[in-house]
1. Could you list, in sequence order, the residues of segment 142-187 that are closer than 22 Å to C85 by Cα and among the acidic types (D, E)?
2. Hey, does segment 6-28 have a residue that's of a type in the set (G, A, S) and loosely packed, with under 13 Cβ neighbours inside 10 Å?
3. I need a count of the residues in segment 138-175 that are under 14 Å from A112 (Cα atoms) and not in a helix (DSSP H, G or I).
4. Quick check on my filter: what residues within segment 119-136 are out of contact with any strand residue (DSSP E or B) (no Cβ under 9 Å at 6 or more places or on another chain), free of Cβ contacts under 8 Å to residues at least 40 places away in the same chain and either charged (D, E, K, R) or under 17 Å from E154 (Cβ atoms) (or both)?
5. Pull up segment 60-83, narrow it to residues that are outside any helix (DSSP H, G or I) and touching a residue at least 40 places away in the same chain (Cβ under 8 Å), then point me to the one that is surrounded by the most Cβ atoms within 10 Å (Cβ to Cβ).
Amino acid sequence: MKTKKCKICRNEFTPVKPMQSVCSTECALSMVSLKKAKRERAKVIEDRKETRAKLEKLKTRSEWIKEAQIEFNKYIRLRDSGKPCISCGADCSAHSIGGAGDAGHFRSRGSAPHLRFDERNVSLQCKRCNRYLAGNVAAYRIGLVERIGLEAVEALECDHGIPDHSIDALRAIKALYKAKCKEMEKQIE
C-alpha cells in the first residue's frame, strides 16, 4: 500500500486498512478526543444561537426603542463629528471636556415621538446645552436654520404625525443605522 501522513502527528506511515488516517493507537485516541471537542464546541455555539433567538423574542417594545435609539444616536455623532454644538458652537470632539457630545433632538422625543428617528430633527449638541439647558431650544433653532434652512425647520415644527414604533419597524431602524454606522466608520478609517 501507499504511504500516508498521519492526521495527528504528521509522520508518514503505511496503512493497514484502506480508510486508516492515523499511524497509531495514541493518534487514534487523540483524533477521537479532537472530534469530540469539536462536536461539543458546535453544540455550545448552537445553544448560544438558540438562547439569543429566545431572548430576541422576549424583548419588550421599550427595549427595542432603546436599542434603536443607541444605534441612531451613534450615527448622528458620526455624521456630525467635527462639527461644533448646534446650539452654542462649542467643541464637541472626543478630546474636549465631557467627551463627544450628545445627539440632541430639536423637538424632544417626549413631545414629538414620531420625530425620534428623524435625521433632520437631531444634531450633535454639547452635553451642557442638551442636558443642563434643556436642549437650549432657541439657540438650537437658529443653528438648525443655518444647517437645513428655514423651510425645513418650519416643516419640522408643523409635523404632528403618528409614530410607527412597532417592533418590526424598530428592528428595521436598528439594522439601518447599524449598517450606516459601519459604512461611516469604514470611510473614517
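1. E146, E151, E154, E157, E185
2. No, segment 6-28 has no match at all.
3. Total meeting the criteria: 7.
4. The one that is out of contact with any strand residue (DSSP E or B) (no Cβ under 9 Å at 6 or more places or on another chain), free of Cβ contacts under 8 Å to residues at least 40 places away in the same chain and either charged (D, E, K, R) or under 17 Å from E154 (Cβ atoms) (or both): R120.
5. Per the stated criteria, the residue is D80.
Rule-based calculations on the coordinates, nothing more; no lab input. Keep in mind that what you see is a predicted model, and the values were worked out from it rather than measured. Glycine also receives a Cβ, built like all others from the backbone with ideal geometry; neighbour counts cover every protein chain displayed.
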